[in-house]
Amino acid sequence: MRILLGISVLLRFLQTAAYISLFFFSLIKLKEPKRKRIVLTVAIYIAVAGAYCALLALYGQELAERLIIPVEVGLSLLLIVLCCADRWAVSLFVMFTQFNLYLGISYISDVCSTDTSLLGYQIQYLIFRTALFGALLFFNFKFLRPRFRRLVEVLGNEWRSIALAAFFFYVLEAVILYFPRFYWYEQDCRWYLVASSYLVFFSVYLLIFRSINAIVGKYEEQERGRILAQQNKLWEEQLAEQKNAVSAARRDRHDLRHHYDTLLSMLEGGKTQEAVSYLNAQTRRAESAALAGVCEHPAANAILSRWAARARESGIKTEIDARIPESLPMDEVALVGILANAFENAVESCLRTPEGSERFITVNIAFSTPYNGAKKLHLVFENSCADNIVFDGDFPKSQKPGGGTGTKSITYSAERYNGMVEFTVQDSVFRTRILLHL
């Protein structure tokens, strides 16, 4: 029986460690390389679990109970240091929030476990906690993560105040449940204090995040309006260019006979080199006058064509292979925002390369529908870059005051569509990879 109880305590500890890890993973951004960091964290957790069980066997349950909070806090801080790529304020908010929910779930599981035998109680307790932890983690991964990541990208120093509120609630819950002695030694288990505190906890959290969502919604509307204005301006410019191209084509058709006469005169006079130069000049003129249709999607074609023209005007060699259909099952404004921000970043990166170096931008975009019917849009931007690019976590640090908005906007739009964004540099080539699940 003693061995079975020891095993049940070990399982409870491992369950707690698994919950802490999965709760963090459901909300935070992980550092690279992810797999190695996760494996290292799991190995440390298992070692700590063994040490905790050894203390339980040597010194009894009372000491093990008093070490619960320090051990949980230590494991969470270790996970933050090893795996979390978010700011400390965000990480601490997640940590104290998961502690608050963990205490509530453990309390409910304890109250609901009615078996009078010690082993039966431990089994019931494990089952109830597993069910509640599983439901919470499913909610986090399925529904909460996209919304939470949106707040992480938009908010800044506000996270300090939010993390502080979560910390105060954790202290309050710890005092109610564990001081001056553990709640399970009380006849009523202090249910009225616990229920009241969690009612306040959820009410305050709801109020905070409703207010934040209102702020974020206003910000998104402003960003949407800015992108729409940019898109309308680009379409107006493209329409003007199309009119100019049509007028130029009419003039060229009218002047075609004169070009033939000029070429014929040069060739008859033996001026072959001059004739070749004349033909090359006319070819370049025709290419610059023609408006490239890079894809079938009207909005994507407008933004890509315009930025390609700007890049070429700046002496940047630009190649685009965009296989985007005429219509996509996604917000057109979001698509334009991704393309404009990625192309603008590529142009600015090229212009910061040393004079005389090769400047180029290559864009590859493909829309696919695999056998399972899941629609995907894969975008890759590659461009020449300087050697002094510095990363802050997964994001390149902007080299202009107030910069960095473009990469955050791309990331937010990708997360809206359950996608991913990757920024990398190798051999003076900067790559932006974007995957959208439509």
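Values quoted throughout were computed directly from the atomic coordinates according to the rules given, and no laboratory measurement underlies them. All values reported here derive from a predicted model rather than from experimental measurement. Here the Cβ is made from the backbone with ideal geometry for all residues, glycine too, and neighbour counts use every protein chain on show.
Output the 0 to 90 degree angle, nearest 10, between the alpha-carbon long axis of helix 405-416 and the longest principal axis computed from the alpha carbons of the chain.
For helix 405-416, the angle is close to 60 degrees.
What is the set of long-range amide H partners of Ile320 at a cut-off below 5 Å, with H atoms built 1.01 Å from backbone N?
Amide H neighbours of Ile320, under 5 Å, 5+ apart: Val363.
Which angle between 0 and 90 degrees, to the nearest 10, do you get for helix 191-268 versus the longest principal axis of the chain when only C-alpha atoms count?
Relative to the chain, helix 191-268 is tipped by roughly 10 degrees.
Would you kindly derive the ³J(HN,Hα) couplings of the stretch 91-100 from the backbone phi angles with the Karplus curve 6.51 cos²θ - 1.76 cosθ + 1.60 (θ = phi - 60°), listing them in order in whole Hz, with x for Gly and Pro?
4, 5, 4, 4, 4, 6, 5, 5, 5, 4
Using Cα springs under 10 Å in a Gaussian network model of the chain, which residue among Pro146, Pro370, Pro70 shows the largest mean-square fluctuation?
Pro370
Once the Cα atoms of helix 158-178 and of the chain are each reduced to a long axis, what angle between those two axes, in degrees from 0 to 90 to the nearest 10, is obtained?
20 degrees
Under a GNM of the chain (C-alpha, springs under 10 Å), which listed residue has the highest mean-square fluctuation: Leu14, Leu267, Leu193?
Result: Leu267 has the largest fluctuation of those listed.
Nearest-5 percent of antiparallel DSSP beta bridges in the chain?
Counting DSSP beta bridges with both partners in the chain, the antiparallel share is about 80 percent.
If we count every other residue with Cβ under 12 angstrom of Ser349's Cβ, Lys/Arg +1 and Asp/Glu -1, where does the sum land?
Net local charge, Ser349 excluded: 0.
Could you sort the peptides 166-179, 112-125, 326-339 by per-residue average Cβ neighbour count (10 Å cutoff), highest mean leading?
Top of the packing list down: 326-339, 166-179, 112-125.
Could you check the spin-label model distance between Leu82 and Ile3? Points 7 Å from the Cα along Cα→Cβ, value in nm.
3.0 nm
Grab the Cα-Cα distance for Asp321 and Phe395, subtract it from 0.36 nm times how many residues apart they are, and report the gain in nm with one decimal.
So the chain would gain 24.1 nm between Asp321 and Phe395.
Given axes a ≥ b ≥ c from the Cα gyration tensor, I'd like to know whether the stretch 33-79 is rounded (a/c under 1.5), prolate (a/b larger than b/c) or oblate.
Verdict is oblate for the stretch 33-79.
Can you tell me how much longer the chain between Leu14 and Ile38 gets when fully stretched, taken as 0.36 nm per residue apart minus their C-alpha distance, in nm with one decimal?
7.1 nm
Kindly state, to the nearest 0.05, the FRET efficiency for Asn388 paired with Asn157, given R0 = 22 Å and r defined as their beta-carbon distance.
Plugging the Cβ-Cβ distance into 1/(1 + (r/R0)^6) gives 0.20.
What is the percent of Cα-Cα separations in the stretch 293-438 that go past 24 Å?
For the stretch 293-438, the share of Cα pairs beyond 24 Å comes to 29 percent.
Can you tell me the mean projection area, over all orientations, of the convex hull of the stretch 2-189's alpha carbons? Units nm², please.
Projected over every direction and averaged, the Cα hull of the stretch 2-189 covers 11.1 nm².
What pairs from Lys29/Lys375; Lys142/Lys400; Lys36/Lys400; Lys34/Lys218; Lys36/Lys408 go past 31 Å between their alpha carbons?
Listed pairs above 31 Å: Lys142/Lys400; Lys36/Lys400; Lys34/Lys218.
Need one number: nm distance between label points at Asp188 and Arg352, each 7 Å from Cα along Cα→Cβ, rounded to one decimal.
6.3 nm
Under 5 Å between amide hydrogens, which residues at least 5 positions from Lys375 or on another chain qualify, with H placed 1.01 Å from N in the peptide plane?
Result for Lys375 returns Leu438.
Quick one: grab the alpha carbon gyration tensor of the chain, order the square roots of its eigenvalues as a ≥ b ≥ c, and give me rounded if a/c is under 1.5, else prolate or oblate depending on whether a/b is larger than b/c.
Cα axes put the chain in the prolate bin.
With a 10 Å cut-off between alpha carbons and a GNM built on the chain, which of Met266, Met95, Met420 moves the most?
For the chain, modelled as a Gaussian network with Cα springs under 10 Å, the answer is Met266.
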